[in-house]
1. With only Lys, Arg, Asp and Glu charged, each at its Cβ (+1 for the first two, -1 for the last two), find how big the charge dipole of segment 8-98 is about the Cα centre; round to the nearest 20 debye.
2. Assuming R0 = 22 Å, what is the FRET efficiency of residue 78 and residue 10, from their Cβ-Cβ distance, to the nearest 0.05?
3. For residue 72, what is the net charge nearby, where nearby means another residue's Cβ is under 11 Å from its Cβ and Lys, Arg count +1, Asp, Glu -1?
4. Report the one residue of 36, 98, 74 whose Cα lies farthest in the direction of the positive end of the charge dipole of the chain (charges on C-beta: Lys and Arg +1, Asp and Glu -1; origin at the Cα centre).
5. Could you give the angle, 0 to 90 degrees to the nearest 10, between helix 61-93's Cα long axis and the longest principal axis of the Cα atoms of the chain?
6. Using alpha-carbon pairs under 8 Å, 6+ residues apart, how would you state the relative contact order of the chain in percent?
7. Would you mind classifying segment 8-98 by shape? Square roots of the alpha carbon gyration tensor eigenvalues, ordered a ≥ b ≥ c; an a/c under 1.5 is rounded, otherwise it is prolate if a/b is larger than b/c and oblate if not.
8. Once you have the Cα-Cα distance between residue 27 and residue 57, take 0.36 nm times their residue separation minus that, and quote the gain in nm to one decimal.
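Laboratory data are not the source of any read-out in this text; all were calculated from the coordinates shown. Predicted, not measured: the structure shown is a model, and the values here were computed from it. Quick reminder, even Gly has a Cβ in these numbers, built from the backbone with ideal geometry, and neighbours come from all protein chains shown.
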Amino acid sequence: MIAIAGNPYAYLVVSSIMFCVGLYGVLTRRNVIRMLLATELMFNAALLALLALTSASRVGAAEGGVLALLAVSLGAAEIGVVVSLAVLMFRLRGSLDVYGLREGGE
């Protein structure tokens, strides 16, 4: 596994900034695809923090890498499911606005 060079706490700062940007995107966007991208940014920030912390501990570096690889594969499967739901929503509604879901069926 590739060790993080230098100070791993710098990667934690980058991870927290990425998470805050993703949280802002989830809270302010109405489009499903943009919300998905913001959620994935938050997910990747959490994985970056996981890898930084496991690299700093030197004890579970291999296990942290395996866990991150498993999480990336689960995230890819989650993207496939959410995109297929977004396509279905667009076919039924003609829009990807999440506030349109509150209005009920047409």
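1. Values: 6 positive and 4 negative charges, 59 e Å.
For this selection, approximately 280 debye.
2. Details: r = 29 Å, r/R0 = 1.30.
My answer for the efficiency is 0.15.
3. Values: positive: none; negative: 40, 78.
Residues close to residue 72 contribute a combined charge of -2.
4. About the Cα centre, the residue reaching furthest to the positive side is 98.
5. 10 degrees
6. On the way: 88 pairs, mean separation 31.0, N = 106.
Answer for the chain is 29 percent.
7. On the way: a/c = 6.83, a/b = 1.93, b/c = 3.54.
Cα axes put segment 8-98 in the oblate bin.
8. Values: separation 30, 0.36 × 30 = 10.80 nm, distance 3.36 nm.
Residue separation times 0.36 nm, minus the Cα-Cα distance, leaves 7.4 nm.
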